[in-house]
1. In a GNM of the chain with a 10 Å cut-off on Cα contacts, which of D72, D100, D152 has the highest mean-square fluctuation?
2. Out of V104, V137, V26, any idea which swings most in a Gaussian network model of the chain, alpha carbons joined below 10 Å?
3. Students sometimes get this wrong: rank T76, T85 by accessible area, probe 1.4 Å, all chains present, largest first.
4. Of all DSSP beta bridges in the chain, what percent run antiparallel (nearest 5)?
5. Only helical DSSP H runs with n ≥ 4 go in: add -39500 (n - 2.57) per run for the chain, normalise by residue count and round the 222 nm mean residue ellipticity to 500 deg cm²/dmol.
6. Could you order R124, R77, R32, R84 so the one with the most accessible surface comes first? Probe is 1.4 Å.
7. Tell me, how many Å apart are the Cα centres for region 109-123 and for region 1-17?
8. Just to be sure I understand, if you calculate Rg/Rh (Cα atoms, Kirkwood Rh) for this structure, which of (1) 0.95; (2) 0.98; (3) 1.08 do you get?
Amino acid sequence: GIALLVLSPLFLTVVLLIKMTMPGPVFYKHERLGKNLKPFMLYKFRSMIIGADSKKTELKNEVKGLFKMKDDPRITRLGKFLRRTCIDELPQLINIFKGDMSLVGPRPHLQSELKNFSGWRMARFKVKPGLTGLWQVNGRHELNFDKAVLYDIYYVKRMSLFLDIQI
């Protein structure tokens, strides 16, 4: 709650920038999977063009298990800045405040990605997803799917306040 209050001037600035440079909604809302696969609505500042989700099938995925592209043409100019600085993620503080997420933990995934999480990979859903986590601070976009999931499993097995502070 305090973070939302302190960051409210930044939120207002980003809202105004998005409204001035891009038509459409300010926030991107998308259903993700939380602890024990419970779905919740994730909030982000919108960084892509309107209809970006429907254009995903036309693009070439660069990472097995997750949709990622180095130079995604759907991302707007302002969106590139928001993503590079991780400002687009700040509305997830609302998810943390609501109790759907925690500050640190595995990233929340899409229902459509669940097919990639069979067997040992399902352990990452035993805890609340986080705004940041081990794989975000250890390579983020450079990691392949299995390495990212291994970081998530490591976190789940060794979860502690000390590890959260280190991350």
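1. Result for the chain, Cα springs under 10 Å: D72 fluctuates most.
2. Largest GNM mean-square fluctuation: V137.
3. T85, T76
4. Counting DSSP beta bridges with both partners in the chain, the antiparallel share is about 80 percent.
5. -10000 deg cm²/dmol
6. Correct descending sequence by accessible area is R77, R84, R32, R124.
7. Going from one Cα centre to the other spans 33 Å.
8. (1)
The values are calculated or read from the model by the stated rules, or taken from the named source; none is laboratory data. Keep in mind the model is a prediction, meaning the values are calculated, not measured. A quick note on method: Cβ atoms are made from the backbone with ideal geometry, for glycine too, and the neighbour counts reach across all protein chains shown. Accessible surface areas use protein heavy atoms only, side chains included; no ligands, DNA or RNA. Shrake-Rupley method; radii C 1.70, N 1.55, O 1.52, S 1.80 Å.
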